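One structure is given below, encoded as structure tokens.
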Amino acid sequence: MSLAIACHNDAFGTAPQIDPTQLEEIVAQGYKSVINNRPDFEGGPGQPLNEVIEAKAKSLGLHYAYLPVVSGSITPEQVIEMARLLKTLPGPVLAFCRSGARSTNLYQLVQQVR
């Protein structure tokens, strides 16, 4: 199944919830880092766990960060941490959450404080 990635620019994209099996496609598209913005169990027991996605990502040579954000409740600290991750992780970076909207909103907030 092809992954719907919204490319915001050459350095950053967002996606809805990914499955570990989609990480090979993410690598093939040239992404070097992945940020998970979705808290574990937000979508119930069928949601892939962060540790499973992280292990697969790292096995493929991707850099990985877990920055869980509750939908509609982005904090200033999370914006600061996202800015730090975007500055330090190798790009391009792909961030994901349930639909991609939360990761997009977080990215837009980072752009406002830069």
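Residue count for region 18-35 under the criterion of being in contact with a strand residue (DSSP E or B) (Cβ under 9 Å, 6 or more places away or on another chain) and either in a loop (DSSP other than H, G, I, E, B) or exposed (fewer than 13 other Cβ atoms within 10 Å of the Cβ) (or both): the result is 4. Restricting attention to region 69-79, and to residues there that are closer than 18 Å to Asp40 by Cα and not β-branched (Val, Ile, Thr), which single residue is surrounded by the most Cβ atoms within 10 Å (Cβ to Cβ)? My answer is Gln78. I need a count of the residues in region 57-68 that are within 20 Å of Gly91 (Cβ to Cβ), surrounded by 13 or more Cβ atoms within 10 Å (Cβ to Cβ) and in contact (Cβ under 8 Å) with a residue 12 or more places away in the chain. Within region 57-68, residues that are within 20 Å of Gly91 (Cβ to Cβ), surrounded by 13 or more Cβ atoms within 10 Å (Cβ to Cβ) and in contact (Cβ under 8 Å) with a residue 12 or more places away in the chain number 8. Among the candidates Arg38, Arg102, the residue that is outside any helix (DSSP H, G or I), within 12 Å of the chain's Cα centre (by Cα) and of a type outside the set (A, V, I, L, M) is uniquely Arg38. Evaluate the following for Leu109: is it assigned to a helix (DSSP H, G or I) and in contact with a helix residue (DSSP H, G or I) (Cβ under 6 Å, 6 or more places away or on another chain)? Here the answer is yes, as Leu109 does meet what is asked. Considering only residues that are at pLDDT 95 or above, in a loop (DSSP other than H, G, I, E, B) and over 16 Å from Tyr107 (Cα atoms), which ones fall in region 45-75? Within region 45-75, Gln47, Pro48, Leu49, Leu60, Gly61, Leu62 qualify.
Going through region 36-56 one residue at a time, which ones are surrounded by fewer than 16 Cβ atoms within 10 Å (Cβ to Cβ) and aliphatic (A, V, I, L, M)? Listed by number, the residues that qualify are Leu49, Val52, Ala55. Of all residue pairs spaced 6 or more apart or on separate chains, those with beta-carbon atoms under 9 Å, a first member in region 14-27 that is at negative phi and a second member that is among the polar types (S, T, N, Q) and in a loop (DSSP other than H, G, I, E, B) are Thr14/Asn37; Pro16/Ser99; Gln17/Gln47; Gln17/Ser99; Gln22/Ser2; Glu25/Ser2.
The values are calculated or read from the model by the stated rules, or taken from the named source; none is laboratory data. This is a predicted model, so every value here is computed, not measured. Using ideal geometry, Cβ is built from the backbone for each residue, glycine included, and neighbour counts are taken over all protein chains shown.
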